[in-house]
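Shown next, in structure tokens, is the structure this report addresses.
The values are calculated or read from the model by the stated rules, or taken from the named source; none is laboratory data. Note that the coordinates shown come from a computational prediction; the quantities given were computed from them, not determined experimentally. Positions of Cβ are generated from backbone atoms using ideal geometry, with glycine treated the same way; all protein chains shown enter the neighbour counts.
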Amino acid sequence: MVPPPATGMHELLEQLDVLEKTANLSQSIADVQNVIDLLTTARDKIAADPQTAPLTLAKLQDPVKKSLEQAQKDIKPIYSGLNKYAKALDRKFKDKPIPPASNDALSSHPKLVNRAIAMHLLREGEFSVASTFVEESNRNPPRPEPTPGTPNPALDDSWEKDLAEVIFNSEKLQSHFKEMYHILHELRQERNLEPAIQWARERSDLLEARGSNLEFELCRLQFVCLFATQGRDDDNDASMEEDPRGLLAAYEYARREFAHFKGRYAHEIQQLICAMAYWQNVVDSPYRRYFYNNSAWEEVATSFTREFCSLLGLSADSPLYIAATAGTIALPHLLKLQNIMEKTRTEWTTQNELPVEIPLPPSYHFHSIFVCPVSKEQSTDSNPPMMLPCGHVIAQESLERLSKGTRFKCPYCPTESQPRDARRVRL
Ligand SMILES: [Zn+2]
């Protein structure tokens, strides 16, 4: 039996494995460091006593040559590994042309592109890279290029400028993100809830108005931590089963902090208090999920990031990351479309809409859209969805075409109605 050929992805992973095992730069770095050490020692020697210069330099030649040769030798497997990997990459990802720039909607908005990049860097916590980027793009302002949709990009860029300024002059935004990263660091690395609780408490009203549970989630985790860990730290022999100090600390905490959550979270608080009755054996209690939840810290960190960003008027994920990911998913579809359009000699006529549907994952669906079942067109502000008295919904233009202003029959059921009885649906 012939073994199946290694699939592209499998071969890539294999090569990557080889690369990681053999192509280790640490040896080469040590070689180079060796040369640097030889040179600096010689320099110090000559500086201390210039008379020794000829002898020191002569003595230096041989070891330096040898070290450099060693460096060359050690770096060879890295080159050949990279070479093989590159070839495997080429085999897997055949060179395909990317769609032409004729439908490029972004080259007329370089300021927005720069804004997205700067924003992304800030949101990733790369503050120094972000400020270098901002500084350099201020020094060399981008020049928008005309595209079919925006023939005079320099003319109407005032809103764009305003939007870009917000970030490019914003030290404040940077300090906001610094605060966010500080709190996230305390949460994830230090397992310290205090700064996050403090932050949420100061914005209690705003968070509550948004329907956020963040403050309570943080305090609940604090309660769980006190319950489960105190009494173990200083005395390793005493486990939670024997030592009630954790229980007492948690009880104290609940009495002090849970009062102002009573209105919204009465049920959750009841559960936490009931769990105390099982303090010697929480694992087997119905409340286990509160106390043995490995992802609890990550959950509050994600929840915190989301609330922090939304109070700044930003989405929780970097828009640049989302756009790039969605674009990567869309690319194969657009290439296929381009092929079809070339063969059938058709053109992409809709300016602000993609002519094909792109299957994005549910987390990438941000707005509900309506596609008219009659015309198959996506609804717009000028062609909104309209609900007929029978409950069926079609686009306004389809309604006008079907009814011609008089009584007409719904295309999906036998109900007849007047066009004026249809009501606009807002999504
Ligand atoms: Zn109907």
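Observations on the model:
- Residue check, residue 358 surrounded by 13 or more Cβ atoms within 10 Å (Cβ to Cβ), away from the ligand (no atom under 12 Å from the Cβ) and among the hydrophobic types (A, V, I, L, M, F, W, C): yes
- Just one residue in the set 334, 427 is touching a residue at least 60 places away in the same chain (Cβ under 8 Å), in contact with a His (Cβ under 8 Å, 6 or more places away or on another chain) and more than 16 Å from the ligand (Cβ to nearest atom); that residue is 427.
Matching residues to (1) assigned to a loop (DSSP other than H, G, I, E, B); (2) modelled with pLDDT of 90 or more:
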| site | (1), (2) |
| --- | --- |
| 176 | no, no |
| 198 | no, yes |
| 208 | no, no |
| 218 | no, yes |
| 231 | yes, no |
| 241 | yes, no |
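- The combined condition, being closer than 30 Å to residue 180 by Cβ and in a helix (DSSP H, G or I), is not fulfilled by residue 82.
- Selection count where residues are more than 25 Å from residue 354 (Cα to Cα) and of a type in the set (Ser, Thr, Tyr), scope region 372-405: 1
- Qualifying residue in region 385-406 (condition: under 28 Å from residue 331 (Cβ atoms), away from the ligand (no atom under 14 Å from the Cβ) and of a type in the set (Ser, Thr, Tyr)): no
- Number of residues in region 411-427 that are within 27 Å of residue 367 (Cα to Cα) and in a loop (DSSP other than H, G, I, E, B) equals 6.
- Looking across region 257-290, just one residue is in contact with a Leu (Cβ under 8 Å, 6 or more places away or on another chain), part of a helix (DSSP H, G or I) and among the hydrophobic types (A, V, I, L, M, F, W, C), and that is 276.
- Scanning region 120-159 for residues being aliphatic (A, V, I, L, M), at pLDDT 85 or above and closer than 20 Å to residue 312 by Cα gives a total of 1.
- Here region 362-384 is the region considered, the condition is being modelled with pLDDT under 85, of a type outside the set (S, T, N, Q) and part of a loop (DSSP other than H, G, I, E, B), and the residue that is farthest from the ligand (Cβ to nearest atom) is 366.
- Applying the condition of being away from the ligand (no atom under 13 Å from the Cβ) and over 17 Å from residue 371 (Cβ atoms) to region 407-424 and asking which residue is surrounded by the fewest Cβ atoms within 10 Å (Cβ to Cβ) yields 420.
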